[in-house]
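Accompanying notes for the structure given below.
Derivation of every value follows stated rules applied to the coordinates shown; laboratory data play no part. Quantities reported herein were computed from a predicted structural model and do not represent experimental measurements. Cβ placement follows ideal geometry from the backbone for every residue including glycine, while neighbour counts extend to all protein chains displayed.
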């Protein structure tokens, strides 16, 4: 893990409040230079802390129907079931829970699409049972991260993709920092990068 510094925290707070700010506006708010802010944001995008910049739409105002689905299955089947719905446009949020359940929040344009979705659930043999409830009214919906001092950044090894639990090995390549869980992974990554650079371009 790597601790985020005070500037990282201030940048995250600023862009979470308003992601439409320009780099210059962000730099003025956090009292840092534009190049420094740009570098910090690029790093946090690479780390996956900043996953994107989106406009949040109100599904109720759009007349769409939302449901909460809870699926029961064997723990060994949960990941494969989740993969079936990972890229489904109706699935807004998808969670694997510790009690052997899969939890989904879905939005549909009409009730016929809900029925089609439920029919698909019934065709998956790994699903033991499921429960579906209509969302009547959203009282609170807050997908903002809780940004507090001394946050630790969970790094992923650029080579093996495992979580880095100890001090990371860092190398710089093409003006970017890459982090690894071991020297072996760092060397393997460098060798692949070198192979890529020496490949003949078609």
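Points worth noting:
- Peptides 6-14, 168-176 ranked from most to least packed give 6-14, 168-176, packing being the mean of other C-beta atoms within 10 angstrom over each peptide's residues.
- Remark: spin-label model distance residue 120-residue 182 equals 4.0 nm, labels positioned 7 Å along the Cα→Cβ axis.
- Debye equation applied to the C-alpha atoms of the chain, log10 I(q)/I(0) at 0.09, 0.18 Å⁻¹: -0.55, -1.19
- Cβ-Cβ FRET estimate between residue 129 and residue 23, R0 fixed at 45 Å, reported to 0.05: 0.35
- Cβ crowding within 10 Å ranks 47, 180, 117, 196 as 196, 47, 117, 180, fewest other Cβ atoms first.
- For the range 1-54, the normalised intensity computed at q = 0.29 Å⁻¹ comes to -1.38 (log10 of I(q)/I(0), Debye sum over alpha carbons, equal scatterers, no solvent).
- Ranked packing of 65-76, 128-139, 80-91, most packed first, by mean Cβ within 10 Å: 65-76, 80-91, 128-139
- Antiparallel bridges, percent of DSSP beta bridges restricted to the chain (to nearest 5): 100
- Normalised contact order of the range 1-54, rounded percent, pairs of Cα under 8 Å and 6 or more residues apart: 27
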